[in-house]
1. Where both partners of a DSSP beta bridge lie in the chain, what percent of those bridges are antiparallel, to the nearest 5?
2. With runs of 4+ DSSP H residues as the only contributors, calculate the mean residue ellipticity of the chain at 222 nm using -39,500 (n - 2.57) per run, divided by the residue total and rounded to the nearest 500.
3. Rg and Dmax of the range 283-423, using alpha carbons, in Å: what are they?
4. Once you list every other residue whose beta carbon is under 14 Å from the beta carbon of residue 158, what net charge do they have if Lys and Arg are +1 and Asp and Glu are -1?
5. Ratio of Rg to Rh for the chain, alpha carbon only, Kirkwood?
6. Taking N as the number of residues in the range 172-217, what is its alpha-carbon radius of gyration divided by 2.2 N^0.38 Å?
7. For the chain, what is the relative contact order in percent, using Cα pairs closer than 8 Å and at least 6 residues apart in sequence?
8. Which of 313, 328, 147 moves the most in a Gaussian network model of the chain with Cα springs under 10 Å?
Amino acid sequence: MKTSIFIVAFMFSIGQLTAQTDSLKLTLPDAEQVFFQRNFVLLAQKFNINLAEAAVQQAKLWDNPNVLLEINAYNPTGNRIFPLTNPGGDINNPSGGAYNIQVQQVFNLAKNRSKLVALNQSNVALQMAAFQDLMGILRYQLAQTFGNLSSEQQQLQFLNLQRLQLENLLTGYRAELKLGVVAEYEVTRLELEQKNADTEIKNLLDQISQDEATLRILLANQGRTYYIPQIQNQQIILPSLLTLNEKALDNRTDLKVTEKQIAYAKQNLVYQQALATPRLTVGFDYQHFGSAYPFFYGLQAGIDLPIKNRNQGNIQAAKIGIEQSSQGQNIVRLQVSQDVNSGYEQLQHAQALRQNFSDDYLRRIEEVNLNARKNYAARTIDLVSFIDKIRAYKDAKLNQILLNNSVFQTQQQLNFVTNSKIF
């Protein structure tokens, strides 16, 4: 009776869940299309490119000219505050009307501005490469979640069917128990199997909830859509290891990031060396009654003397940055090679194991399940043998589902480590 109540409650909860959410069948290409359009992390990362482009525009701008206006605030001769006029009109000994105007412009002798533009353009390329790298990582996470969710839903469907068959068997045995045909321990032992199945289903539902939430985040879905991934297991010829390594070296985004980092570091060295040349300030000066002459016209030129500070520290740091970026590229190259080798071997192992699941083997394990139930119902095998056989059948079916997911995951891993659409 309690078990029947549990089934009703369980089915009601599933019904409520379905009523509150929208189910959507989704292929991986469809999911990727939504992902590229909506993913918040990608959209946020893209702003770094916009910021870098804005820095390029800013670097192209010339320094603004500087204008200085100076007036006489107090004339002690005439005891006047702000004497802006010269009432006597004496140009040799005025009592007011003195002021000074200066206009100055800074010039970069080492073309610092163009070098800063080039440096910021290198940063734009670096940010673009970083964006592509992040997109590849998130796309791989999408494929992983997609495959795991499909596998978990298949497992759930199978376990629910197994539990239903077990419940039907229990219903009949409870009726026979009342008639004294079967022993009580048999019913209890079957109930234990049922509770174990309930626990497996509960744990699987929890994992599905987590993966559904992850998929919604990746697809920027703020609702409660229940995604049903659609995956077709296809036998695809695996390219050679040499071909995969070549694709990885040509296409890996993290390797391109290191190339852009080296280019940026080299351009930074050029810019820092340019900063060692001081800037020239050129100006024009006009003084009205404020110099040795009543009307003074002056030409100004000013420059810092690079006696001690020749930007040596920043130049040295830029050189170290080039070496550091080069070593980082060596590490990534090694990582690329090992990632491809590992992914290639894992896919070979998974495909070889899946080939052992022949049509004849799958037919025979189905017969194990069918014969176990028939023989136990006919009392030609005992309870221990029955449970052993249905467990063996369950393990075989779950292994088949997990193995298919393993092949899918290793295929997606090779796509990721080569940054190519191989599968």
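Taken together, the values in this text are just the output of simple stated rules run on the coordinates, not laboratory data. Model, not experiment: these values are computed from the prediction. Reconstructed Cβ throughout: ideal geometry from the backbone, glycine too, with neighbour counts over all protein chains shown.
1. On the way: 26 of 31 bridges.
Taking every DSSP beta bridge within the chain, about 85 percent pair in antiparallel fashion.
2. Values: 10 runs with 286 residues, N = 423.
After summing the helix terms and dividing by the residues of the chain, the value is -24500 deg cm²/dmol.
3. Expressed in Å, the Cα Rg and Dmax of the range 283-423 come to 39.0, 128.
4. Working: positive: 163, 391, 394, 397; negative: 152, 200, 366, 395.
Neighbour charge sum, excluding residue 158 itself: 0.
5. We get a ratio of 1.32 for the chain.
6. On the way: Rg = 17.6 Å, N = 46, 2.2 N^0.38 = 9.4 Å.
Against the compact-globule rule of thumb, the ratio is 1.87.
7. Numbers: 486 pairs, mean separation 92.8, N = 423.
Normalised by residue count, the contact order of the chain is 22 percent.
8. Taking springs between Cα atoms under 10 Å, the residue moving most is 313.
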